[in-house]
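*Asks:* I'd like to ask you about the structure that follows.
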Amino acid sequence: MASYYSSLFTPNTATTLGLWVFLLLIGIGMVSAQLSSNFYATSCPNALSTIRSAVNSAISKEARMGASLLRLHFHDCFVNGCDASVLLDDTPNFIGEKSAGPNINSLRGLGVIDTIKSQVESVCPGVVSCADILAVAARDSVVALGGPSWTVLLGRRDSTTASFSAADDGNNIPAPTMSLTGLVSAFSSKGLSVKDMVALLGSHTIGQARCTNFRTRIYNETNINSSFAKSLKASCPSSGGDNNLADLDPTSPTIFDTAFFKNLLQQKSLLDSDQQLMNAHSTYSLVNNYSSNRETFFKDFGRAMIKMGNISPLTGTSGEIRPNCRKTNQARARTQVFVISCSLSE
């Protein structure tokens, strides 16, 4: 396994990549200085409690929603930074990210975010960004399902556009069939280390995946427990049933724990990209450690989430604060003008 991993980088590429990531991390550090854990302490002191209450309510109705809200934040941050662009509907000026390959028919929790935003707006109009709501909701979802807490840095602002092409680019949001080389590249391009990557993929201890994303694995691959593969074929036939769901972690699917890593050691991961973590010494050793060390996994996961939440946020006067997370302020204003003009013409 060590020889395979060492083949990922030559000395020259490793040096170049290391320098590139170092410079990227400096940029992330500078942005982090503009974010603050007490950003809303004065302007909206009840923001965090309002978000937490709404998240807990949503998860109490459907435990799977916790994974969906966490995934929303991940898919937002990995496409042009943590700016809530993933929430924007299509407009005449751009096609949004919701219909991109990684999101279409699978992006969930949008209604919950709408509810949270409405509740926060009623307390503090025009103050709390949708991007910050995504970051806090992700943290609160993990906590609600028994996982770790971490300090969310706040002060992100919302984008005024979205990018279908960036969301659809396979180099941004990792595909469920991505190789280890591809995974390492995708995460390192965001300033995230191999340790961050393995810890973040540990979030697959909750949530579900569609048959279309694991069919090839259970029918054609050999690095999978045969009994596990057989148990999945009833709900995921060789043809049809693309949208049928299976738990990413069949052991404890609604509890944020270390079972994901234990499953990897037994070749019981649902996604091929997850099982790839067993193909290199550095990633295998992290999987092995996390499988039996809950405290270490929780600590590393929290740190990785903070780093991920700091990917290229808009701060200061960049971007805007959207009252409606689905619409830019300009699009919202156009809609209001249209409604007013229609009412006047009646």
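*Asks:* Only four residue types carry charge here, +1 at the Cβ of Lys and Arg and -1 at the Cβ of Asp and Glu. Report the dipole size of the chain about the Cα centre in Debye, rounded to the nearest 20.
*Replies:* 380
*Asks:* Can you pull the semi-axes for region 109-256, root of five times each eigenvalue of the Cα gyration tensor, sorted largest first, whole Å?
*Replies:* 32, 19, 17
*Asks:* While we're on this one: Percent of alpha carbon pairs in region 37-139 separated by more than 15 Å?
*Replies:* Taking all Cα-Cα pairs of region 37-139, the fraction more than 15 Å apart is 61 percent.
*Asks:* Using a cut-off of 13 Å between beta-carbons, work out the net charge of the residues near N279 (Lys and Arg +1, Asp and Glu -1, N279 not included).
*Replies:* Values: positive: none; negative: E221, D272, D274.
Neighbour charge sum, excluding N279 itself: -3.
*Asks:* Okay, moving on. Translational diffusion coefficient, Stokes-Einstein: compute it for region 248-298 using the Kirkwood radius over C-alpha pairs as Rh, at 20 °C and 1.002 mPa s, and state it as an integer in µm² s⁻¹.
*Replies:* Here the translational diffusion coefficient equals 196 µm²/s.
*Asks:* Which of T50, S312, L145 sits farthest toward the positive end of the charge dipole of the chain, with +1 on the Cβ of Lys and Arg and -1 on the Cβ of Asp and Glu?
*Replies:* Projecting each Cα onto the dipole axis, the largest value belongs to L145.
*Asks:* What is the magnitude of the charge dipole of region 132-270 about its Cα centre, with +1 placed on the Cβ of each Lys and Arg, -1 on the Cβ of each Asp and Glu, and no other charges, expressed in debye to the nearest 20?
*Replies:* Numbers: 12 positive and 11 negative charges, 62 e Å.
About 300 debye.
*Asks:* On to the next question. Filter K61/K268; K230/K299; K117/K195 down to the pairs with a C-alpha to C-alpha distance above 31 Å, please. Numbers along the way, then the final one.
*Replies:* Numbers: K61/K268 28 Å; K230/K299 35 Å; K117/K195 33 Å.
Exceeds cut-off: K230/K299; K117/K195.
*Asks:* What's the local net charge at G146, with K and R +1, D and E -1, over the other residues with C-beta under 13 Å away?
*Replies:* Neighbourhood net charge equals -2.
*Asks:* Turning to a different aspect of this structure: Using alpha carbon centroids, what distance separates region 72-99 and region 207-238, in Å?
*Replies:* Using only Cα atoms to place each centre, the spacing works out to 30 Å.
*Asks:* How long, wide and thick is region 172-252, going by the Cα atoms along their three principal axes, in whole angstroms, largest first?
*Replies:* Projected onto its principal axes, the Cα set of region 172-252 covers 40, 25, 23 Å.
*Asks:* R0 = 22 Å: FRET efficiency of S99 with S252, Cβ-based, nearest 0.05?
*Replies:* 0.10
*Asks:* Kindly state, as a whole number, the per residue volume in cubic angstrom of the convex hull around the alpha carbon atoms of region 191-336.
*Replies:* Working: hull volume 23.1 nm³, N = 146.
Per residue, the Cα convex hull of region 191-336 comes to 158 Å³.
*Asks:* Calculate, axis by axis, the spread of Cα positions in the chain along the three principal axes, and write the results as whole Å, longest axis first.
*Replies:* 68, 47, 36
Coordinate-derived values only; no laboratory data. Since we're looking at a predicted model, the values are computed, not measured. Neighbour counts are summed over all protein chains in view; Cβ atoms, including those assigned to glycine, are modelled from backbone coordinates with ideal geometry.
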